[in-house]
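The values are calculated or read from the model by the stated rules, or taken from the named source; none is laboratory data. Since the model is a prediction, treat every value here as computed from it, not as a measurement. All Cβ positions, glycine included, derive from the backbone under ideal geometry; neighbour counts span all protein chains shown. Side chains included, ligands, DNA and RNA excluded: accessible areas come from the protein's heavy atoms. Shrake-Rupley method; radii C 1.70, N 1.55, O 1.52, S 1.80 Å.
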Amino acid sequence: MILSVLQQVSSNLHGPISPFFQSKAIVRYFTVLSTSSSIWCRPSHWRSTSLTSERFYSKGKEKGDKKKKGPVAINEEEIEELVNVQHLKNDLQKGIDHLKSDYVKHLSLRSTSGSIESLPVEFEGDTYTLQEIAQVGRKGPQLLVVNLSGFPQAVKNVLKAINDSGMGLNPQQDGTTIFISVPKVTREYRESLAKNAKALFQKFKDHSRDIQNRYIREVKKKEKEVSSDLAHSVQQQIHSLTEQFVSEAEKIMIAKQNELLGKD
């Protein structure tokens, strides 16, 4: 196309165009063509291409990459400003002591008549040991007999207490008499007791959460009287203190499970 244009110019000027002028014209033509926004010379089969620009940013850390916060430091004097810290610790310690007692009484490799006799039974709004409302005896090496003829109305309560004891026993009722087979020490029995040890720990854990929430509610009632920073700090410390007791109880549970399973 550029050559035909130059020939037309040459005829209009009635003379040949010098090679130098021709080369300059060709360069100028392609320069204008490359920079012009006009598409008058574009073949019909060409497709227009739209270009978009994108910005690439460095990726930040994912949420999961955030560092976990360490345990909150306990300042008992600060906690004492809003709640009685000694009462809090005593309440949590009682739960630990009760868990230890349950492990000793109810999670032995052999259920003895002594552990059955001391089993707590809820009856008519009070708590009794089984031996206070029944006669406990042994019929053979692996069968315990509980006679409730003196308190026949307590049979259901005793059955519930035995089933909830965590000893893995399966009591059978015959009138006012309850027969309890003492399982042989098998691998399955050991695993059953270890499972019950975890269930008792979970019960303690739930109880500890209730204690924690009770003291946190006390703090929230006083939020208007103190600074928000102090109220928040004490709540965090109550949670951290509770976790310390839960961690101690978990160690006790693991030790008991290892004992029941025969691990070192």
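I want to make sure I understand the PRE zone here: with the label point 7 angstrom from the Cα of residue 254 toward its beta carbon, which residues in the range 202-233 have backbone N atoms less than 16 Å away?
Hits in the range 202-233 for residue 254 at 16 Å: 202.
Once the whole set of protein chains is in place, how much accessible area is left on residue 198, using a 1.4 Å probe, in Å² to the nearest 10?
It works out to around 130 Å².
Considering amide H positions built from the backbone, and no H for Pro or chain starts, which residues 5 or more places from residue 123, or on another chain, come under 5 Å of its amide H?
Amide H to amide H, under 5 Å and 5 or more residues apart or across chains, residue 123 pairs with 128.
Leaving ligands, DNA and RNA out of it, report the carbon-plus-sulfur percent of the accessible area of the range 113-181 at a 1.4 Å probe. Don't skip to the answer; put the middle values down first.
Details: 1700 of 3640 Å².
Roughly 47 percent of what the probe reaches on the range 113-181 is carbon or sulfur.
Got a number for the accessible area of residue 229? Probe 1.4 Å, square angstrom, nearest 10.
120
For the range 113-181, divide the Cα radius of gyration by the Kirkwood radius and give the resulting Rg/Rh value with two decimals.
Over the Cα atoms of the range 113-181, Rg/Rh equals 0.91.
Which value, in Å², gives the accessible area per residue of the range 113-181 when a 1.4 Å probe is used on the protein heavy atoms?
Details: 3640 Å² over 69 residues.
Per-residue value: 53 Å².
Ordered by residue, what ³J(HN,Hα) values in Hz, to whole numbers, does the range 75-92 give under the Karplus form 6.51 cos²θ - 1.76 cosθ + 1.60, where θ = phi - 60° and Gly and Pro are x?
So the J values, rounded to whole Hz, are 10, 5, 5, 5, 4, 4, 5, 10, 9, 7, 5, 5, 4, 4, 5, 5, 4, 5.
So how do 119-125, 220-226 stack up, highest first, on mean other-Cβ count within 10 Å? Could the numbers behind the result be given before it?
Values: 119-125: 14.7, 220-226: 11.4.
Answer by packing, highest mean first, reads 119-125, 220-226.
For a paramagnetic label modelled at 7 Å from the Cα of residue 244 toward its Cβ, which residues of the range 86-101 fall within the zone defined by backbone nitrogen distances under 19 Å?
Inside the label zone: 86-98.
Report ³J(HN,Hα) in whole Hz for each residue of the range 174-189, in order, from the Karplus equation J = 6.51 cos²θ - 1.76 cosθ + 1.60 where θ = phi - 60°; Gly and Pro get x.
9, x, 9, 10, 10, 9, 10, 7, 8, x, 6, 7, 9, 4, 5, 5
Solvent-accessible area of residue 115, probe 1.4 Å, all protein chains present, reported in Å² to the nearest ten, please.
20
Starting from the eigenvalues of the Cα gyration tensor, five times each then square-rooted, give me the equivalent ellipsoid semi-axes of the range 70-140, largest first, whole Å.
Details: eigenvalues 312, 54, 8 Å².
Working through the eigenvalues yields semi-axes of 39, 16, 6 Å.
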